[in-house]
Amino acid sequence: MGSKYPPSMQCFLPLWTLVLEVALIVIFFFFTSYDTSSQDPKKLMETYRVLQDVTIMVALGFGFINSSLRRYGWSSVAFNLFLLALVVQWAVLLDGFLEQLSPKKVVIKLSSIKLATMSAMSVLISAGAVLGKTNLVQLVLMALVEVTAFDVMRMIQRKYFLKDNHVNMMHIHVFAAYFGLMVAWRFRRPLHERVMEKDQTAKSSSLFGMLGTLFLWIFWPSFNSALLLDSPNERKNAMFNTYYALAVSAVTAISVSSLAHPQGKINMNHIHNAVLAGGVAVGASCYLISSPWLAMVLGLTAGLISTGGALCLPFPHLAVGF
Amino acid sequence: MGSKYPPSMQCFLPLWTLVLEVALIVIFFFFTSYDTSSQDPKKLMETYRVLQDVTIMVALGFGFINSSLRRYGWSSVAFNLFLLALVVQWAVLLDGFLEQLSPKKVVIKLSSIKLATMSAMSVLISAGAVLGKTNLVQLVLMALVEVTAFDVMRMIQRKYFLKDNHVNMMHIHVFAAYFGLMVAWRFRRPLHERVMEKDQTAKSSSLFGMLGTLFLWIFWPSFNSALLLDSPNERKNAMFNTYYALAVSAVTAISVSSLAHPQGKINMNHIHNAVLAGGVAVGASCYLISSPWLAMVLGLTAGLISTGGALCLPFPHLAVGF
Amino acid sequence: MGSKYPPSMQCFLPLWTLVLEVALIVIFFFFTSYDTSSQDPKKLMETYRVLQDVTIMVALGFGFINSSLRRYGWSSVAFNLFLLALVVQWAVLLDGFLEQLSPKKVVIKLSSIKLATMSAMSVLISAGAVLGKTNLVQLVLMALVEVTAFDVMRMIQRKYFLKDNHVNMMHIHVFAAYFGLMVAWRFRRPLHERVMEKDQTAKSSSLFGMLGTLFLWIFWPSFNSALLLDSPNERKNAMFNTYYALAVSAVTAISVSSLAHPQGKINMNHIHNAVLAGGVAVGASCYLISSPWLAMVLGLTAGLISTGGALCLPFPHLAVGF
């Protein structure tokens, strides 16, 4: 990303990731196998659809939400894909080892990839806070450390606190926000002097930011209900409540954003944040809420707080975690 | 959207919508509850997928189809989302009250949200005709009035003319076109003098217009078959015929558009219109047509009329309704 | 596409395609009918979802992947849609006639349209090689000849070599690459002198290129498993292996691309190619591979070869076929 790095540095990242990739292949060779049990074809397709939804959220949604920052553009989308593709491979292994805690082979199912993609989202949330503050080697390192920490935390919650996958996954936003803030604080001296400029929004690519926002908005109910497989009623409630919270937080954020601007204009970042905040607010409890008004109140609160927060906080993408 | 409004006006919209949102929450609190009957998980997922398709059409398709107008860009996508999120909440309530005509609680199902999203589309079609001619308060008011009128009309058709949901929903395009034209005629004096400029297409964002068009093209068969749940054969026919009509109208419109231009160039608006027109032309009758050639003839006619119409009519987005 | 053509030429394309379209309608009138057998509604929806995925890949993926070339922009997306809509109609007929080899009516099923859309992809792959080298009449002619040749080749494989639909469809990439190269070689004198400029990437639309790439990346597992309907286990393996090959080839290509650039920057075309190459590499054999590491090795190889190849070969979009 510029000619300031010494040449050795520039070779370091690609060589390091290539070595990492080969190492992953070797680990997969010795320690994994596909799930060969015969499966209900309808369940298979349903899991595949949910995996697809989560992938759309992560690759298209998070990819394009940061692309509206000036000087990022397509390379932020490319690094988003890079981190996603790398972290999912690592997270599948990690989940398998932590789940079994035995020297046997890890059996890979479609739902393992779904879970790994959801874990990978933590990295992509945090990456928003450190863009322009780290180089790529540091980013890859951060990704591997973060997803490992997150998966260990989830394993502990599952084994010792007996919380199910849905509940421990929904801590992802808080975890990713604190982790990202911590890393951003550690690297608080920017690499470039022109970094402030980077936080500004490029006009021509705001539409791409909206594209990412809409993909998140549309597929968030899939994300919040992805791990509630046992009870169709819980699943239905999760979809309903997420939908209502998102609808109300979008309306609220656009209104408040317009109210805060001296000429009544809307700030696109407020919409991004509100969409994220609405989905996060009902995340953990979405399957327990039994009336739409409660989800709507949560959405309203999330919209108000995230838009208010964005007016003060330096890392708007992280504000949603609190 | 500029600094011409008096300050009071700028506060009015956000405050008004916030009050409206709180009022909606209160109504939901007293008058609604979720459907708690146990449900077939496969039917649930199928309804969810169709809801997702309709939401993609409305949020991404209609959002980006107007974004190619100069001076609109991302804010048109944002207002599209704003109107969608607001109107769906209102339409769910309205559908529930009109369906039951009783003082009991409205039971919200996933299919209620699907129906409400489809009703909300009428607002977004009409909004294309009045962009740049109304301010946002008027737009929100128009949205609430229009969806109320449309839902009352649908209720009357259902109760007194015994037409099923599919048939009365497919009047949406005609209704929205006339409603939009009426509003545009009422506000025919533009707010800004530079409004003519707004109708021109910004070169750099034509790709976003194509993006919206493609989302409509791909998901239109889902829309036309969304309410034909009772008979798989009717549903299949609706998908088939919509697909064929869209294919032929796209080919026709691109050919005719090229023919009409002195240098053989294609006008993007003609493609937009043809895509809409092809889907609209087979909308109401798509489940009755039993041979592909008939759908193809309808597509050919729709492509010819919409491209021809766009060369004369001032509101190309509405031409499709006729 | 410019004022250089004589006027007769400009009328020729639209009139020719209109005549073609009318001819297609007449053929459909005499020789086709819909499948009227009653169908399992769940199978119907599943086929529809797969058709939707393939259409998203072809219309959005291939549409936007070429849009990043300077001077193409939205018109490449529009011609992509044009070719898709035209070729699918022709391919449905062709498949039907070649399948039955009898004078009876062609029965059109949803899966016929799915198969035709997949065949149409061959045209859109080849079109990437001849952009800027042919005029539109030649492009339409090429499309019809190519899909006919491809379908005849598939029929021969099916009838005489007893290869099933999945295997003979997966030759699409090799076939389309050679066909495109042949046509490009025939028309190697560019139409415009400024054509070299066309191959350069326009900065502002690189994000659209990434959008197309991501749609291909996300929906490629659907494509590779679309014709494996008989065995859920084969289908699952196809999804798994395609996913792993794509993940590894994306990581590899981004690393190698960065390594090859003197300042460590990434070339977007390398990512495009790697995504295509990863999916192609496991295409034919994806249902046979029984361990993730094998798919990952194929992905690694595909990423290395495609990125290496793109540094030398003139037609990067075709390199993936080899």
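The values are calculated or read from the model by the stated rules, or taken from the named source; none is laboratory data. Every value quoted in this text rests on a predicted model; they were computed, and no experiment measured them. Note: ideal-geometry Cβ built from the backbone for every residue, glycine included; neighbour counts use all protein chains shown. Ligands, DNA and RNA are excluded from the accessible area calculation, which covers all protein heavy atoms including side chains. Shrake-Rupley method; radii C 1.70, N 1.55, O 1.52, S 1.80 Å.
For B:LEU229, work out the one condition from (1) assigned to a helix (DSSP H, G or I); (2) open to solvent by 10 Å² or more (accessible area, probe 1.4 Å); (3) more than 7 Å from every other protein chain (Cβ to nearest Cβ) it doesn't fulfil. Condition (1) is where B:LEU229 drops out. Of everything in segment B:156-182 that is of a type in the set (A, V, I, L, M, F, W, C), in a helix (DSSP H, G or I) and open to solvent by less than 20 Å² (accessible area, probe 1.4 Å), the residue that is farthest from B:LYS114 (Cα to Cα) is B:ALA177.
The residues in segment B:251-275 that are more than 7 Å from chain C (Cβ to nearest Cβ), part of a helix (DSSP H, G or I) and at pLDDT below 80 can be counted, and the count is 8.
Does A:SER33 satisfy being open to solvent by 10 Å² or more (accessible area, probe 1.4 Å), in contact (Cβ under 8 Å) with a residue 12 or more places away in the chain, not in a helix (DSSP H, G or I) and not aliphatic (A, V, I, L, M)? So A:SER33 passes the test. A search for C-beta distances below 7 Å between a residue of segment A:107-135 that is closer than 17 Å to A:VAL145 by Cα and assigned to a helix (DSSP H, G or I) and any residue that is at pLDDT 85 or above and of a type in the set (Gly, Ala, Ser), counting only pairs 6+ apart in sequence or on different chains, returns A:ALA116/A:ALA91; A:SER119/A:ALA91; A:ALA120/A:ALA91; A:VAL123/A:ALA143. Here segment C:50-69 is the region considered, the condition is being at the interface with another protein chain (Cβ under 7 Å from one of its Cβ atoms) and either free of Cβ contacts under 8 Å to residues at least 12 places away in the same chain or surrounded by fewer than 22 Cβ atoms within 10 Å (Cβ to Cβ) (or both), and the residue that is farthest from C:ALA226 (Cα to Cα) is C:ILE56.
Identify all residues within segment C:36-49 that are in contact (Cβ under 8 Å) with a residue 40 or more places away in the chain and facing chain B (nearest Cβ under 8 Å); write none if there are none.
Once the filter is applied, which keeps residues that are in contact (Cβ under 8 Å) with a residue 40 or more places away in the chain and facing chain B (nearest Cβ under 8 Å), segment C:36-49 yields C:LEU44, C:TYR48.
Do we have B:GLY309 as under 22 Å from the mean Cα position of the chain (by Cα) and either closer than 14 Å to C:LEU18 by Cα or without any contact (Cβ under 8 Å) to a residue 40 or more places away in the chain (or both) here? Yes, satisfied.
Of the residues making up segment A:237-246, one or more are modelled with pLDDT under 85, open to solvent by 10 Å² or more (accessible area, probe 1.4 Å), part of a helix (DSSP H, G or I) and within 14 Å of chain B (Cβ to nearest Cβ).
Do we have B:LEU294 as open to solvent by 30 Å² or more (accessible area, probe 1.4 Å) and in a helix (DSSP H, G or I) here? Yes; evaluated as a whole, the condition is true for this residue.
If I ask for residues that are buried (at least 24 other Cβ atoms within 10 Å of the Cβ), under 21 Å from the mean Cα position of the chain (by Cα) and hydrophobic (A, V, I, L, M, F, W, C), which ones from segment B:254-279 would you list? Within segment B:254-279, B:ILE271, B:ALA274, B:VAL275, B:LEU276, B:ALA277 meet the criteria. Scan segment C:85-104 and tell me whether some residue there is β-branched (Val, Ile, Thr) and either in a loop (DSSP other than H, G, I, E, B) or open to solvent by 50 Å² or more (accessible area, probe 1.4 Å) (or both). The answer is no; no qualifying residue exists. In this structure, A:ALA284 does satisfy being in contact with a helix residue (DSSP H, G or I) (Cβ under 7 Å, 6 or more places away or on another chain), assigned to a loop (DSSP other than H, G, I, E, B), more than 12 Å from every other protein chain (Cβ to nearest Cβ) and touching a residue at least 40 places away in the same chain (Cβ under 8 Å).
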